[in-house]
1. Tell me which residues, restricted to the stretch 38-60, are without any contact (Cβ under 8 Å) to a residue 40 or more places away in the chain and of a type outside the set (D, E, K, R).
2. Go through the stretch 101-119 residue by residue and tally those that are more than 13 Å from Lys86 (Cα to Cα) and of a type in the set (Gly, Ala, Ser).
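Values quoted throughout were computed directly from the atomic coordinates according to the rules given, and no laboratory measurement underlies them. Note that the structure is predicted; figures quoted are calculated from it, not measured. Note that we place each Cβ from the backbone using ideal geometry, even for glycine, and neighbour counts take in every protein chain shown.
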Amino acid sequence: MNGYPNRQVQYMPYKPYDQRPRRQFPDVDPTFFEQSAKSMQMLMKDASLVLNRLADSKIFAGKVMSAAQQSNKNEVDKLIKSTGIKSKVETTFNPDGIHLKLSSTVGTAECCHLTIALRWL
């Protein structure tokens, strides 16, 4: 024969689908997920308030930067709250910029947060 040793080819049987047992998952309840999404919409509205004020008022942006550069956290927080936001906000800043973490709760559980990081250097 063509100089090749006589080989027998073995074929594996075709498995049309995975035959492992499927994991059982509990029924889903999207209630909390839906409430989280609604809370996030409110956080985004509050984020828009802050960003619009910073973008539209050079004087306001300058006050926030100046207070941050002086490490006056109380004044930075007061200025950010003066934009009309209703969400809980945590501010941190460094020589390069500012971070705002807006957060919300559903019941007693923190459901979502939105972090805004802005640079000024």
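1. Result: Gln41, Ser48, Leu49, Asn52, Ala55, Ser57, Ile59, Phe60.
2. Count: 3.
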